[in-house]
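K.L.:
Take this structure, written in structure tokens, and hold onto it; I'll ask about it next.
The values are calculated or read from the model by the stated rules, or taken from the named source; none is laboratory data. In this text the structure is predicted, and so the values were computed from the model without any measurement. Every residue, glycine as well, gets a Cβ built from its backbone with ideal geometry; the counts of neighbours run over all protein chains shown. Ligands, DNA and RNA are excluded from the accessible area calculation, which covers all protein heavy atoms including side chains. Shrake-Rupley method; radii C 1.70, N 1.55, O 1.52, S 1.80 Å.
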Amino acid sequence: MRYKIVSLSCGNDSMAMLYELYRRGEHFDEIVFYSNGMDFKAIYRLWEQVKAKFEPLGVVCTELKPKNDFLFDMFERWKEKRDTGEMVQGDGWCGGGCRWGTFEKISTINRYAKSKNATVFVGLAKDEQKRILDLEDFKVAPLNDWGYTQADCLKINRRNGIQWLEQTDNAEWVDLYDILDRVSCWCCANKNLWELYNIWKYFPDTYWQGLKDMQSRLDMPMKKFKNAKFGEYGNVFDLEKVFEGGYVPNHRKRSDNNAG
Ligand code: SF4
């Protein structure tokens, strides 16, 4: 039988996939968790829970990391620009049209899977048809085969008691899926306005401060927010002024925030 790997980010969709595969008695040999070190603490806690459950069942649990430290690539590594040949330092914000961290993740997982001649289960739900159509032939998307959307995945996770608990800077606990649409890297430039507002609100001294530290090293604003009232306010420091001024964004879930 071909070796089978579950690719796990410990986010909503891949957690639902893992537990559904297990509930349905599907065979898998290994769970691979890739982390670039920029995940929320809740994600690392869930990974420990997954290992505690599946290792005693004989499933190999492996953590993969990128070649370089994420912050080194973001700020320090010199590279030649493809279009102009100019040497520039650091990849800058990751997200939007420049998901250099995602590229590194996919190539690391692919290299690993190919070294084992494995089939990889990936947690893409029915809502993500474009990404499913682009999958390499050694990858399968069981959530899509079962007809599960991302909303179905959240229900499955809730039923299984899976929580993404993170302690706020006020020492209270929140489930990240109550304040974020997707639990991707805390510094992901794909985060929407509502998610950024919640990071500012619940984690001002930790993750939000981290975003300010990053912005202070980059000229490029994290986001391209612009409107008649605030002007351009995608720079993290400008965003903070807008939030401090009392602006509370509506929650409009956007499907183009997919990242990872
Ligand atoms: S989640 Fe965002 S920041 Fe993290 S690797 Fe993916 S695109 Fe980059």
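K.L.:
Give me the percent of accessible area attributable to carbon and sulfur for the chain, probe 1.4 angstrom.
P.N.:
That fraction is 49 percent.
K.L.:
Follow-up. Between helix 41-54 and the chain, what is the angle of the helix's C-alpha long axis to the longest principal axis, kept within 0 to 90° and rounded to the nearest 10?
P.N.:
0 degrees
K.L.:
Follow-up question, since we're still on this one. Looking at this model, which pairs from K65/K105; K105/K139; K105/K212 are more than 18 angstrom apart at the alpha-carbon?
P.N.:
K105/K212
K.L.:
Under the 0.36 nm per residue contour assumption, what length would be gained going from the current alpha-carbon distance of D83 and F230 to full extension?
P.N.:
Going from the current span to full extension adds 49.6 nm.
K.L.:
Compare the peptides 40-49, 106-115 by average per-residue count of other Cβ atoms within 10 angstrom and give them in order, highest first.
P.N.:
Put in order of decreasing packing, that is 40-49, 106-115.
K.L.:
Also, quick follow-up: Counting only DSSP beta bridges with both residues in the chain, tell me the antiparallel percent, nearest 5.
P.N.:
Bridges in the chain are about 40 percent antiparallel.
K.L.:
For helix 100-115, what angle does its Cα long axis make with the longest principal axis of the chain, in degrees from 0 to 90 and rounded to 10?
P.N.:
20 degrees
K.L.:
Let me ask another. Express the accessible area of region 177-257 per residue in Å², computed with a 1.4 Å probe while the remaining protein chains stay in the model.
P.N.:
53 Å²
K.L.:
Measure nothing but the geometry: give the 0 to 90° angle between the long axis through the Cα atoms of 207-216 and the longest principal axis through the Cα atoms of the chain, rounded to 10°.
P.N.:
Approximately 60 degrees, to the nearest ten.
K.L.:
Measuring with a 1.4 Å probe in the full set of protein chains, what accessible area per residue, in whole Å², belongs to region 1-158?
P.N.:
Averaged over the residues of region 1-158, the accessible area is 51 Å².
K.L.:
Please compute the length gained on full extension between E63 and L135, using 0.36 nm multiplied by the number of residues separating them and subtracting their Cα-Cα distance.
P.N.:
Gain on extension, E63 to L135, equals 23.7 nm.
K.L.:
Given the protein chains as shown and a 1.4 Å probe, how many square angstrom of C98 are accessible, to the nearest 10?
P.N.:
60 Å²
K.L.:
Would you kindly state how much longer the chain becomes between Q49 and R252 on full extension, computed as 0.36 nm times their sequence separation minus their alpha carbon distance, in nm to one decimal?
P.N.:
69.9 nm
K.L.:
Can you give me the C-alpha center-to-center distance between region 162-219 and region 99-141, rounded to a whole angstrom?
P.N.:
When both Cα centres are located, 26 Å separates them.
K.L.:
Additional query: Ranked highest first by the average count of other Cβ atoms within 10 Å around their residues, in what order do 140-148, 68-76 fall?
P.N.:
The most tightly packed comes first, giving 140-148, 68-76.
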